[in-house]
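Each remark here refers to the structure printed beneath this line.
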Amino acid sequence: MSYTKSDSERATYLPKKESLTSFSPDHTALLVIDPVNDFLSEGGAGWDLTSKTIKMNDVVSNIKKAIEGARLRDIPILFGPMAYTEKDYEDEQLQRRSGINRLMFERKMFLADSWGADFHPDLKPRANDIVLEPHKSCDVFTTDLPKHLKRMNITHLVIAGMSANLCCESTGRHAMEDGYDVTFLSNAIGASSIPEYEASIRFNYPLISNAVITVDEFLTAVDTFLEGDIDVEPGDTIKGSDNGEIGRIEKIEQTNDETMGFAFVPRGLIFATDTYVPLDAIVKRSGPTVYINIPKSIIGEMGWEVPPSKNRHREKVGPSESDVKELYHSRSPSGFKEPETVKS
């Protein structure tokens, strides 16, 4: 191959050495995005857009419950608000960068030191909470967020706030790409419309995260870890990453000479065939419920109607790097080298 990334350049799944299915407070952080008046308070510059989903999900109360629950369990909380000054618009011309930037500019949203950019009165940070530098569009990972996560040795990022299809989704997607285990709190997130919310919660989040769960399910998951109850067991209810119920586990089979470990869910009212869920697809536990990192809506396309054989597993793993001649079969990446500077 003409070009390969060094180990330090490659994306890595950060919790891969954590053989856990719940949230350890030592490695989990709650990120609350834009919990501010312009989104969440009547009279805010975006309230006419967001009010339906805020009321539908009781978003403010659920964010408050997530924050207070995280504090009680010693989980760090990071607040990711926005703020704009004259420099952003006169010098940086951010109103020309994208549709969302234009919308925020025209509505005078999140103007620095304004009531609209301030935190909702029920969601104000405390002295020991972390308030991040402002993001200037949708991705909170463009702020000092990564530095704080690395400093605190965080591997699991739990996301709440505003708005579903923009800042929450962009940040969660970036976090996943950087190797974090991402969870979205479905009833602590709002959007500018119900279709935008539903598209994120039902379709996008279940594929870019490991779980889409409620605030209560998240807090129960933390308590499950603290109680030491982390093994997958017969009798557990199993759900998809979209929170859709798949069934009840009848038996657990560990890896043997022929098959990989799996949880057996017999056919019933939900699925017409038996389902053999690979154990490494089970990534979360909340009380008596475990979650797999694939949506229920597409589980029928996984080929899990038969036990996962070791031979099939080897095929899925792919070839070793030493056996690959051309990464894309007919060629490899071109690579990039800094041009040499010519000395005068």
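Would you kindly give the portion of the calculated P(r) for region 231-316 that falls above 22 Å, as a percent of all Cα pairs? Roughly 17 percent, rounded to a whole number. Among Val277, Val158, Val306, sorting on how many other beta-carbon atoms sit within 10 Å of each Cβ, with the fewest leading, yields Val306, Val277, Val158. Each Cα pair under 8 Å and six or more residues apart adds its sequence gap; the mean of these over the residue count of region 19-224 is a relative contact order of 29 percent. Bridges between two residues of the chain, per DSSP, are antiparallel at a rate of about 40%. Couplings 3J(HN,Hα) for region 28-33, derived from phi with the Karplus relation 6.51 cos²θ - 1.76 cosθ + 1.60 (θ = phi - 60°), are 10, 9, 9, 10, 10, 9 Hz, where x marks Gly and Pro. Projecting the Cα atoms of Ile230, Ala164, Val32 onto the dipole axis of the chain, where Lys and Arg carry +1 and Asp and Glu carry -1 at the beta carbon, places Ala164 farthest toward the positive end. Compared with the direct C-alpha span, the chain from Trp115 to Val306 gains 63.0 nm at full extension, assuming 0.36 nm per residue. Site-free segments of the chain were taken between GluC sites (Glu not before Pro) in DSSP loops having at most 11 other Cβ atoms within 10 Å, sites themselves excluded; the longest one is 43-226. Neighbour counting of Cβ atoms within 10 Å sorts the residues Ile189, Ile213, fewest neighbours leading, into Ile213, Ile189. The convex hull built on the alpha-carbon positions of the chain has an orientation-averaged projected area of 22.8 nm². At an R0 of 51 angstrom, the distance between the Cβ atoms of Asp257 and Phe203 translates into a FRET efficiency of 0.85.
Between amide H atoms placed 1.01 Å from N, distances below 5 Å from Asn187 occur with Val215, all of them 5 or more places distant or on a separate chain.
Taking the chain as the reference, fit the longest principal axis to its C-alpha atoms, fit the long axis of helix 59-72 to the helix C-alpha atoms, and give the angle between the two in degrees, 0 to 90, nearest 10. Long axis of 59-72 versus the principal axis of the chain: about 70 degrees. For region 214-259, a simple Cβ point-charge model (Lys and Arg +1, Asp and Glu -1, everything else neutral) yields a dipole of about 120 debye relative to the Cα centre.
Using C-alpha pairs under 8 Å with a sequence gap of at least 6, the mean separation divided by the residue count of region 231-316 gives a relative contact order of 31 percent.
When only the Cβ of Lys, Arg, Asp and Glu is charged (+1, +1, -1, -1), the dipole of region 247-344 relative to its Cα centre reaches about 300 debye. Considering only beta bridges that DSSP places wholly inside region 19-224, some 5 percent are antiparallel. Distant-in-sequence amide contacts of Tyr84, defined by a placed amide H-H separation under 5 Å and a gap of 5 or more residues or a different chain, comprise Leu111, Ala112. For the residue pairs Lys16/Lys284; Lys64/Lys124; Lys147/Lys337; Lys17/Lys296, the alpha carbons lie more than 21 Å apart in Lys147/Lys337; Lys17/Lys296. Listed from fewest to most Cβ neighbours within 10 Å, the set Met162, Met152, Met109 follows the order Met152, Met109, Met162.
What you get for the chain, charging only the Cβ of Lys and Arg (+1) and of Asp and Glu (-1), is a dipole of about 440 debye around the Cα centre.
Read-outs throughout are calculated quantities, based only on the coordinates presented, and are distinct from any laboratory measurement. The model shown is predicted, which means the values in this text are computed figures rather than measured ones. Cβ sites come from the backbone with ideal geometry, for glycine too, and all protein chains shown count toward neighbours.
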